[in-house]
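Bear in mind that the values in this text are calculations on the coordinates, not laboratory data. What you see is a predicted model; the values in this text were computed from it and never measured. A quick note on method: Cβ atoms are made from the backbone with ideal geometry, for glycine too, and the neighbour counts reach across all protein chains shown.
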Amino acid sequence: MKIVEAIIKKEEWLLDALKRIGYDMIPTNTILDKTLTGLGATHSEIHSKRNSIIIEPNVPVILGKLNGNENLEAVYEKCTPYAIKKYLQMDIPYKKILTTPESFKKIRKAAIELNINIYKDFFCLFDECEKVTQDIDYRSKIVQPIYDFFQFEGKAFVSATPLPMSHKEFERQNFQKIKIVPDYDYKKDLELIVTNSYYKRLRKVLDDMKDSKHICIFFNVTDGINEIIENLGIVDYKIFCSQKSVEKLAKRGIHNAHSHIEYPFAKYNFFTCRFYSGLDIALRKCKPDIIMLTDFNSANWTMIDPFTEAIQIQGRFRKWKKDDDATYNSLTHISTINPKMEVRSKEELDIRINQFIANHNVFKELHDNEVNDIRQEAIFDDMKGLKYQDLIDERGEINSFSVDNLYNEERVKSYYVSAQSLYQAYIDTGFFNVTLNDVTECVGEDDIRKLNTTKQEIERRRILVQLLDKIQDDFKNGRISFEEKSNYVRFLGEQAEAQYTIDAYMKIGKAGMENAKYQKGLIDKAIQQYDKEQAEILRISPDVQKDIKEEFEMDVYINKNEIKNRLQAIYDEHNIKCKVTQETITQYYDTVNSGSINGGSYKLTAFKFNLVDF
């Protein structure tokens with residue numbers, strides 16, 4: 001794909017940059033990479049001298065664009081066919097329709113009934129185009145307008161953060177990419193905090209922002225937002241999320257939730273991904289502090305993509321002073337990480353996708369060749385459960401955006417395996433001046449939380465052993481002191497039913513616990529074997545031999561029971577877990593046996609060990 005660069009200067013709009021390369025409007029067959037948010041791409045199309053259909057990712061964005069713009073038609077779930085037809089028949093110079101992807105079909109149907117060729121008469125702008133790739137795994141209908149999109153004579157994809165797209169039509173229709181290149185420093189300061197004590201760190205950050213008038217928190221789990229509000233005792237708040245989530249939260253007693261932007265803002269304002277892209281937030285005479293949250297204890301999908309979502313989030317806020325470039329006070333990302341997260345390479349994904357297709361083809365051949373109706377129906381039912389079904393569109397063809405989504409998901413996951421990899425991702429965006437604050441503790445609050453919320457005993461033991469092994473590794477490598485090591489182990493021992501696992505680990509180690517499959521019965525056997533082996537080693541140690549040699553006189557007869565009791569006392573003193581019998585002394589001395597009615601006696605004639613060797 002040909003890439004054309006267009007320079008933009010400070011305080012200029014998108015059209016200023018496009019005019020430098022010969023365009024008065026957004027050109028057709030273009031992927032427009034704006035680099036910066038808020039350059040007026042949608043605004044320029046709304047005011048262009050042509051009919052336009054603008055596809056926006058969600059309803060709040062559409063409603064936000066309606067403010068102050070006359071003669072716009074908003075098409076979304078609540079819009080009726082009658083309203084669309086009425087608008088298309090209006091006598092106005094240029095018709096401008098804003099629609100969600102899912103509702104585009106309403107426009108197509110109305111146009112067909114009115115004998116209007118939208119593909120010829122309208123320009124189609126697909127705004128915030130990365131959302132098609134990012135959201136298709138849980139929002140399959142977002143891709144519905146794609147076949148229509150490629151039929152338009154005039155069309156463009158646009159975003160400040162477009163993702164690579166593999167759809168063959170881009171190449172077949174000779175699309176170009178226009179990259180907007182600012183000729184000034186546009187980087188934004190960002191503090192990246194990596195932690196395994198999520199609430200502890202969030203509480204500290206919020207305490208530091210206590211004088212902030214508005215704190216805007218972006219977190220993609222409504223359950224997690226609810227937990228933050230309850231955990232931190234937040235009262236002055238608003239939540240912006242989907243209508244479905246509004247209703248869900250209301251059932252839990254959370255009533256300050258809205259599916260659209262509502263002013264004025266509260267002290268604490270929470271946003272889900274519904275508000276990540278395209279929405280303009282205008283706070284008058286006040287700059288907010290922005291916090292982005294990623295918490296793997298809540299959900300994997302709380303991951304923020306530095307290359308798209310982080311840039312979009314900070315770009316939601318608009319300037320209210322012409323001479324002030326800053327639209328917010330601070331930008332912070334608090335994140336946990338998951339070092340054990342499985343991340344597939346491109347090569348591995350290629351193999352998996354090809355196998356999905358091959359599996360489907362095998363079943364399809366079976367289905368097509370089967371003459372028995374019942375068997376054919378059974379095969380078809382099995383086919384519906386194949387992973388391949390997630391990769392096809394409504395026409396039964398491979399959906400390139402679904403495939404792109406798989407690769408994109410692994411890309412983002414790869415950033416969250418370590419603090420350094422996430423930091424490097426932010427650096428690689430070229431958009432942020434990043435300060436990394438890695439406050440990961442040897443054992444953090446999140447580790448304890450995970451331990452105490454795990455109900456299965458075997459899994460609890462596995463988690464405990466992982467933590468103990470980390471403590472040991474940090475101590476060996478000098479990251480913590482002996483005192484800190486002891487305190488961490490003591491802290492773990494205070495958790496419910498933890499001491500058994502700690503004691504076992506101290507004896508048989510991680511390998512022993514793994515070999516025992518973390519099952520109590522097998523662990524007990526391993527401990528017994530360990531104790532036996534340790535006793536065998538300990539009972540011939542130099543200190544024990546010395547005490548035994550000093551305890552008994554030579555060449556005199558001593559009662560066997562007396563020898564047994566005195567030897568047992570030495571074993572107990574040295575914590576030797578071996579049972580002493582009358583014959584145990586013969587392992588240390590050459591003896592002469594003398595039988596008697598009192599149990600007999602031994603004369604000790606020679607000590608079997610040479611203490612000099614020790």
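Details
- Pairs of Cα atoms farther than 18 Å apart, region 539-613, %: 35
- Anisotropy class of region 482-578 from Cα gyration tensor, a/c 1.5 cut: prolate
- Considering only Cα atoms, the convex hull volume of region 437-546 works out to 125 Å³ per residue.
- When only Cα pairs below 8 angstrom with a gap of at least 6 residues are kept, the chain shows a relative contact order of 13 percent.
- Size descriptor, Kirkwood hydrodynamic radius, that averages inverse alpha-carbon separations across region 188-335, Å: 15.5
- Relative contact order (percent, whole number), region 128-194, Cα cutoff 8 Å, 6+ residue spacing: 37
- Alpha-carbon centroid distance for the pair region 405-481 / region 187-264, whole angstrom: 23
- Gyration tensor verdict on the chain (Cα atoms; rounded if a/c is under 1.5, prolate if a/b is larger than b/c, oblate otherwise): prolate
- Qualifying trypsin sites (Lys or Arg not before Pro) in region 198-306, where qualification requires a DSSP coil assignment and no more than 10 other C-beta atoms within 10 Å, comprise Lys210, Lys251, Arg284, Lys285.
- Taken over region 73-135, the ratio of Cα radius of gyration to 2.2 N^0.38 Å equals 1.15.
- CD proxy at 222 nm, helix term only [per DSSP H run n ≥ 4: -39500 (n - 2.57); per residue of the chain; nearest 500]: -12500 deg cm²/dmol
- Footprinting exposure proxy for Asp428, Asp185, Asp289 (fewest neighbouring C-beta atoms within 10 Å first): Asp185, Asp428, Asp289
- When you filter the GluC sites (Glu not before Pro) in region 66-140 for DSSP loop state and at most 12 other Cβ atoms inside 10 Å of their Cβ, you are left with Glu70, Glu77.
- Global geometry of region 391-467, whether rounded, prolate or oblate, following the gyration tensor of its Cα atoms and the 1.5 cut on a/c: oblate
- Pairs of alpha carbons in region 346-403 whose separation is greater than 13 Å (percent): 63
- Coil-residue trypsin sites (Lys or Arg not before Pro) of region 441-501, DSSP, other Cβ within 10 Å capped at 10: Lys455
- Applying a threshold of 31 Å to the alpha-carbon distances of Lys65/Lys141; Lys65/Lys213; Lys179/Lys384; Lys248/Lys455; Lys200/Lys251; Lys9/Lys287 flags Lys179/Lys384 as lying beyond it.
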